[in-house]
1. Is it fair to say residue 101 is surrounded by 22 or more Cβ atoms within 10 Å (Cβ to Cβ) and touching a Leu at 6+ places or on another chain (Cβ under 8 Å)?
2. Restricting attention to the range 149-160, and to residues there that are in contact with a helix residue (DSSP H, G or I) (Cβ under 8 Å, 6 or more places away or on another chain) and farther than 13 Å from residue 210 by Cβ, which single residue is modelled with the lowest pLDDT?
3. Please find, within the range 183-207, the residue that is surrounded by the most Cβ atoms within 10 Å (Cβ to Cβ) out of those that are without any contact (Cβ under 8 Å) to a residue 60 or more places away in the chain and within 22 Å of residue 155 (Cβ to Cβ).
4. Kindly indicate the residue of the range 122-158 that is in contact (Cβ under 8 Å) with a residue 40 or more places away in the chain, charged (D, E, K, R) and surrounded by fewer than 20 Cβ atoms within 10 Å (Cβ to Cβ) and also farthest from residue 107 (Cα to Cα) among those meeting that condition.
5. Scanning the range 15-67 for residues that are among the β-branched types (Val, Ile, Thr) and under 30 Å from residue 123 (Cα atoms), which turns out modelled with the highest pLDDT?
6. Quick check on the range 238-248. Is at least one of its residues in a loop (DSSP other than H, G, I, E, B), modelled with pLDDT of 95 or more and within 25 Å of residue 262 (Cα to Cα)?
7. Could you say which residue among 233, 217 is touching a residue at least 40 places away in the same chain (Cβ under 8 Å), surrounded by fewer than 23 Cβ atoms within 10 Å (Cβ to Cβ), in the same structural domain as residue 83 (by TED's automatic domain parsing) and closer than 19 Å to residue 283 by Cα?
8. Looking at the range 144-174 only, could you name the residues that are charged (D, E, K, R) and not in a strand (DSSP E or B)?
Amino acid sequence: MILPLTARLRALGTITFVTTSSGRTYGDEDRALAEELARRAALVVDNARLYERQRHIAHTLQQSLLPPSLPQIPGIDVATRYRAAGEGIEVGGDFYDIFETAEGGWLFTIGDVCGKGPEAAAVTGLARHTLRAVSLHDVRPSTMLAMLNESILQVLSDDRFCTVCCVRMRAGSGSARLTMCSGGHPLPLILRASGEIETAGRSSMLLGVLPDVELTDHVVDLKAGDTMVMFTDGVIEEARNPDRSGPERLTDVLSRCAGLSASEIAESIEHSVVEFGPESPRDDFAILVLRVKESAASPDSASSR
């Protein structure tokens, strides 16, 4: 018997049944069973095809919303980590970006958009492109976030909002000056070369809710061996152990990272989130680490490479 594999009015192929019993012929009951098997098999094949198509679309769209590669910044070590909770199925709501400004500085942004899927992708695209466009005229983080807030309110009409932290960096010889502003986003942590940990900046209202949001810039100076860690709330809200909160866990991890490279620090944070419990992380997370390299003459310069 040869029967068609048909699902959702689409012919996917055929299925063949063969018997080796001498003299046996198929009857009506055999045909009815074969038709049911063919129908179920066709549905499984079509579902797999649709899933693969959805996975490809989600992956392609996700990649378009993240930088294709990390820039090489003299004297600065940069590393990132990203994971979407619905990776392969849905576009995540977290994003980050790193780019050079027209006046020679660098901008680091990280954000978290309400929701997932195409709706979140629309807000992510708007946020990234707005911040890049505004930076051509004004590189103050507070001004950039204010313009983003206005753009979200004007362009989107479905109560979408996001949190964003924007940091402008000017690098010197073995140092960096950071000017940062947070719109409702978790504040960056500063890991000093000595191992001390500080919280930088002051948070404000999230973006896309109210027309007037008070946004202020905060300046932090980094020296050789100092590190700034930016992250989304998926890093600190993944607290499946009631005895230890997410922020406490992150601080514990960073306290053991003094002297490590940016990549090693990012990997340590990612590992603490992914391996924190038996379940997979339930939220997206993004991690961005910026570390000022030691000079070549420094005894621990090898750790910066």
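The values are calculated or read from the model by the stated rules, or taken from the named source; none is laboratory data. In this text, all values refer to a predicted model and were calculated from it rather than measured experimentally. Counting neighbours? That spans all protein chains shown, and the Cβs are built from the backbone with ideal geometry, glycine included.
1. no
2. Ranking the qualifying residues of the range 149-160, first place goes to 158.
3. The extreme case among them is 183.
4. 150
5. Restricting to residues being among the β-branched types (Val, Ile, Thr) and under 30 Å from residue 123 (Cα atoms), the top hit is 57.
6. Checked the range 238-248: no residue is in a loop (DSSP other than H, G, I, E, B), modelled with pLDDT of 95 or more and within 25 Å of residue 262 (Cα to Cα).
7. 233
8. Listed by number, the residues that qualify are 150, 158, 159, 160.
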